Structure formats: structure tokens, C-alpha cells
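To start, the structure under review is shown below, and the notes come after it.
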Ligand SMILES: Cc1cc2nc3c(=O)[nH]c(=O)nc-3n(C[C@H](O)[C@H](O)[C@H](O)COP(=O)(O)OP(=O)(O)OC[C@H]3O[C@@H](n4cnc5c(N)ncnc54)[C@H](O)[C@@H]3O)c2cc1C
């Protein structure tokens, strides 16, 4: 197999990408087109540096009639031989020796753990405190409409986990030496996602499609012999001779276990506390907190493409995204995270009297606004003490302040008013696009001053990268 990188095609010609790529490859390898027996795209990204000319840039793998005939001079930086190796799942114990495995949580981690165990014959039990995705969607919709929170079935808890309402973006900074990321993407395709996600630079499924994919994966787990129990919460563990012998669910049922997988995610604060009290080793870690920021999608499109994505030839350019980082003079790092082109800011709370937001988009990414988390690094030094759970207390204080600031609704402010430490009373030329109601507030009263200072300084810096990113009318929502 030969890998060829850096094949550029003007975006407007990409409808015929296969034909153009074959011609380019034949020329590059100095062979007739008929020598190419197969072509697969490994990566496709956008190059907008020569605006108004926008290109798609491809890496492709090709198989040839006779690879050994290639002249040595064709190989170089962008042409190399590759051997394809697929990830293979090799558990340390056989099915017969493995005993009973319980997976706790059915977010991305628990879902894939349960899926691979099941299709390899291990018959795990997967327990999930929330509901199956169809019922969960109804609870979440109700919460966004009425503000009435179900603390066990919400944006964080339920089949699919917190990822279900996170836009279905699938990029990771983890290097894929073993091919695991690729297998995850291929598995999503097998269960209904677009094949494009296996090669585009920033794959995206969309919340709407992802819920269907997850429910298809559930059926496959059950068909392969796995058992899934919804509305079943791990509430205690029984430790005998230094190992977990049983778990207790919903405070009343005991299940014996040989292997326990804790795929609890980020928000199971009650379960973390229970496990800490049971002396499981835990360490505090640094994380990041901040706000969501909304701009008109057209502002981001103009900065990235020099045109609106709707005006691109045959609509071939999707809503544009961005990634920004800066360092504030007080030593904090500020960066954009989970950018949602054509997205929504959603109320993602999971505890009563507290409020957190997230970003989400549907597969079409067609709302009028772009949003992104603009977040500031915090370390255990910011927390009250060195207890491993102090970071959670830090989060709770911010979430409570956010809830109070918006009276239970998502606190919202224009960037201009945020800079002036002033509660907004009206929007300018951008209105927020949210799931869940909003209320004007002053976010300076929600986040600690050093974080607000860092945000203000770095958002101004971001305005140098993307024109008008720091416009007074841009919207910030928290936390
Ligand atoms: C507030 C927030 C915002 C985020 N924003 C984004 C974003 O914008 N974009 C993005 O790509 N990623 C985002 N993420 C990250 C993304 O959601 C996670 O990377 C991903 O969901 C982690 O997968 P997971 O399986 O480890 O955990 P989760 O998805 O959290 O799944 C854990 C599952 O375990 C279940 N569970 C917990 N405790 C128990 C128990 N005791 N018994 C039984 N079941 C239990 C929960 O109900 C849940 O379904 C965000 C996360 C959070 C919390």
C-alpha cells in the first residue's frame, strides 16, 4: 500500500474527488491510471490560507497492480510505503476464566467496553443510572422547556453519557498508534454514522444521528449476549480481602462481581464520594472552567473562508470552525474547546440548584450561531484544600453561583457588558441560540476574578486572530 499526502483539490471541484485524485496520483507516481487498483481516503482537511481559493487537502492510500515497479525517486516526504494494521482486541483472560464482569456507566467508555466484551463472548452486565436514549431525550427536552430537572436522567446521565449531547464531535489529541480510534470510528459507521467520519479531519456525527447509532449499538450488545440494565445505579461496593466482591445497586440489590469497570464519566459526584469513602485511591487533577461564547456563524465563515458557507459552490463547505489559544499575563492559559459550528448552547445541569452549560449541534450544523467553550486552566492550587474531591467542591461553588445568577436559567451577558462588570439588559446584533431558558446576569459574579481577568485579556487577543471575535455584541453564557 502506498500513502500519498498533500493532494490538493479546489473545493469547488471536490464533487469529482475520486477522478481528480486518481489523475493526480498517477502523475505523482509516474504510472498509468489503470495501475491503481484501489484508493481510500485516510484524511481530508480544509486549507483556507489562500482565500478566496479554498482547497481540500487529502491523504490517500492506494493499492497498485505492481508496487515493486515504482521508481525509487517517487518516494519522499509525501509518498511512502505503509502496511495497514487493524487494532485487535485481546483481553488478558479467556471467556471461561474471566468470571462475571460488570461495567458501570454507558457513556462512550462504558458503551465501547460493553460492546467489545459482548461481541467477544464475555456477556457483561452493563448498568446505567439513567434511561435508554429515547426516554432520556424526552426528559432532557422537558428540562429545557420547563427547567424541571431529573437528577438521574439528564444531559450528563443516561445511555450514551455526556457525549450524547456534546455535538458528536469525535476528534481526539491521542495518537492512534494501535488503530483504536479508527476502530471506534468504523464501529460508529457500522451502526449508522456517515463513512466520511473515518477520514475527515474533524469528524462530527451530530446529536440527532448519534442517538440512533447508540441505540443500534445497544441492540448489538444485547444480541451478542450482553445484559443492559437502565435506571440501575451503583450505590455501594463490598470489599473483601482487598478486592471488590460485590456491588450494591439502587441501595438494595447485591450483584457479585469478578471484574468491575467504572466508566463513570465526569459528573457522578455522589459515586466518587462513595468510592472515596471506601478508600479507593484518588488524586486531584487540573482541569479548565469558563464560559460558552456565541458569534454569528457568518462571522466565523468570513474569517475562515472569506465567504459564508451557504454561498459556497453547491454548499460544499460546511459551517466553519476555529481553535484558539492564548496566555494571560496572570499566568493562566485560555483556549477554545469543543467548538460547535451552527450549534446551540445547552443547559447541561445534573444537580439541583446548580447550573452548567455545554455546546451541541445537530448533524446539519445549521443554527445561525457558532459557539465554543472559552476556558481557563485551573489546578489543585485553586481548590480549598488537597482533598482529592476538592475540585468537585470548586465546580459546585461555580455551578451554584451560576444557578443563583440566572435564577435557575442560563446566565447570559454581552461581551461588552462582561468587560464593564455590568449585567446586560439587552442584546446587540447577536441573540443567543440555546436549549434551555436564559436570564441576563453578570458572569463576573459567577467566576473568580482571576479567571474573568484572564478571559477578558485573551478574548481581546482572539480578536486579533478572528476579526470581531471580541465584538461587544458577542454573547457569553456560563458556566
Ligand atoms: C459539562 C461537560 C461538558 C462537556 N462538553 C463537551 C463538549 O462540548 N464536547 C465534547 O466533545 N465533549 C464534552 N464533554 C466531554 C464528553 O462528554 C466526555 O468526554 C465523554 O462523555 C466521556 O465519556 P465517559 O464514558 O467517560 O463518561 P460519560 O459520558 O459521562 O458517561 C458516564 C455514564 O456513567 C453513568 N453513571 C455515572 N455514575 C453511575 C453510577 N453510580 N451507576 C450507574 N451509572 C452511572 C452516567 O449516567 C453516564 O451515562 C463534556 C463533559 C461535561 C461533563
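Among the residues of the stretch 106-119, the ones that are farther than 20 Å from residue 205 by Cβ and either out of contact with any helix residue (DSSP H, G or I) (no Cβ under 8 Å at 6 or more places or on another chain) or surrounded by fewer than 21 Cβ atoms within 10 Å (Cβ to Cβ) (or both) come to 2 in all. Does residue 408 meet the test of being assigned by TED's automatic domain parsing to the domain that holds residue 370, at pLDDT 95 or above, buried (at least 22 other Cβ atoms within 10 Å of the Cβ) and under 15 Å from residue 347 (Cα atoms)? Considered against the rule, which asks whether it is assigned by TED's automatic domain parsing to the domain that holds residue 370, at pLDDT 95 or above, buried (at least 22 other Cβ atoms within 10 Å of the Cβ) and under 15 Å from residue 347 (Cα atoms), residue 408 comes out as no.
Remark: residue 77 matches the filter, which requires a residue to be surrounded by fewer than 19 Cβ atoms within 10 Å (Cβ to Cβ), within 17 Å of residue 5 (Cβ to Cβ) and at pLDDT below 95. For the stretch 168-195, a residue qualifies if it is assigned to a loop (DSSP other than H, G, I, E, B) and at pLDDT 80 or above, and the qualifying residues are 174, 175, 176, 177, 178, 179, 191, 192, 193, 194. Residues 93, 142, 123, 132: which one is farther than 22 Å from residue 181 by Cβ, surrounded by 12 or more Cβ atoms within 10 Å (Cβ to Cβ) and not assigned by TED's automatic domain parsing to the domain that holds residue 253? On inspection, the qualifying residue turns out to be 93. Can you find, within the stretch 159-176, the residue that is surrounded by the fewest Cβ atoms within 10 Å (Cβ to Cβ) among those that are within 15 Å of the ligand (Cβ to nearest atom) and without any contact (Cβ under 8 Å) to a residue 12 or more places away in the chain? Going through the qualifying residues, I end up with 173.
Against the list (1) over 26 Å from the mean Cα position of the chain (by Cα); (2) over 24 Å from residue 299 (Cβ atoms); (3) without any contact (Cβ under 8 Å) to a residue 12 or more places away in the chain, the condition residue 420 fails is (2). For the residues 467, 449, 445, the requirement of being surrounded by fewer than 23 Cβ atoms within 10 Å (Cβ to Cβ), in the same structural domain as residue 338 (by TED's automatic domain parsing), more than 24 Å from the chain's Cα centre (by Cα) and closer than 30 Å to residue 310 by Cβ singles out 467.
So in the stretch 249-268, with the set limited to residues that are surrounded by fewer than 16 Cβ atoms within 10 Å (Cβ to Cβ) and within 15 Å of the ligand (Cβ to nearest atom), which one is modelled with the lowest pLDDT?
The selected residue is 266.
For the stretch 19-38, filtered to residues that are touching a strand residue (DSSP E or B) at 6+ places or on another chain (Cβ under 9 Å) and loosely packed, with under 15 Cβ neighbours inside 10 Å, the residue that is farthest from residue 170 (Cα to Cα) is 37. Screening residue 352 against (1) modelled with pLDDT of 95 or more; (2) under 14 Å from residue 479 (Cα atoms) leaves a single unmet condition, (2). Within the stretch 216-237, the only residue that satisfies the criterion of being out of contact with any helix residue (DSSP H, G or I) (no Cβ under 9 Å at 6 or more places or on another chain) and surrounded by fewer than 15 Cβ atoms within 10 Å (Cβ to Cβ) is 219.
Here are 246, 223, 219, 241: which of them is more than 25 Å from residue 396 (Cα to Cα), free of Cβ contacts under 8 Å to residues at least 12 places away in the same chain and within 16 Å of the ligand (Cβ to nearest atom)?
Numbers: 223 fails: within 16 Å of the ligand (Cβ to nearest atom); 219 fails: within 16 Å of the ligand (Cβ to nearest atom); 241 fails: within 16 Å of the ligand (Cβ to nearest atom).
None of the other options fit; the residue is 246.
For the condition out of contact with any helix residue (DSSP H, G or I) (no Cβ under 7 Å at 6 or more places or on another chain) and either buried (at least 21 other Cβ atoms within 10 Å of the Cβ) or in the same structural domain as residue 291 (by TED's automatic domain parsing) (or both), residue 389 does not qualify.
Residues in the stretch 1-51 that are assigned to a strand (DSSP E or B) and over 30 Å from residue 323 (Cβ atoms): 2, 36, 37, 38.
Scan the stretch 256-276 for residues that are in a helix (DSSP H, G or I), touching a residue at least 12 places away in the same chain (Cβ under 8 Å) and touching a strand residue (DSSP E or B) at 6+ places or on another chain (Cβ under 9 Å) and the total you get is 3.
The helices (runs of 4 or more DSSP H) located wholly in the stretch 385-479 that include 3 or more residues which are in contact with a strand residue (DSSP E or B) (Cβ under 8 Å, 6 or more places away or on another chain) and within 30 Å of residue 49 (Cα to Cα) occupy 449-465.
Restricting attention to the stretch 324-359, the residues being within 13 Å of the ligand (Cβ to nearest atom), touching a strand residue (DSSP E or B) at 6+ places or on another chain (Cβ under 9 Å) and more than 22 Å from residue 379 (Cα to Cα) number 11.
Scanning the stretch 39-66 for residues being surrounded by fewer than 16 Cβ atoms within 10 Å (Cβ to Cβ) and more than 21 Å from residue 1 (Cα to Cα) gives a total of 7.
Of the residues 157, 165, which single one is closer than 21 Å to residue 356 by Cα and at pLDDT below 95? After applying the criteria, what remains is 165. If you filter the stretch 349-372 down to residues that are under 14 Å from the mean Cα position of the chain (by Cα) and part of a loop (DSSP other than H, G, I, E, B), you find that the one that is surrounded by the most Cβ atoms within 10 Å (Cβ to Cβ) is 361.
Just to be sure, is residue 237 under 19 Å from residue 101 (Cβ atoms) and either in a helix (DSSP H, G or I) or outside the structural domain of residue 111 (by TED's automatic domain parsing) (or both)?
no
The values are calculated or read from the model by the stated rules, or taken from the named source; none is laboratory data. If you're wondering where the values come from, they're calculated on a predicted model, not measured in any experiment. Ideal geometry is used to build each Cβ from the backbone, glycine not excepted, and the neighbour counts take in all protein chains shown.
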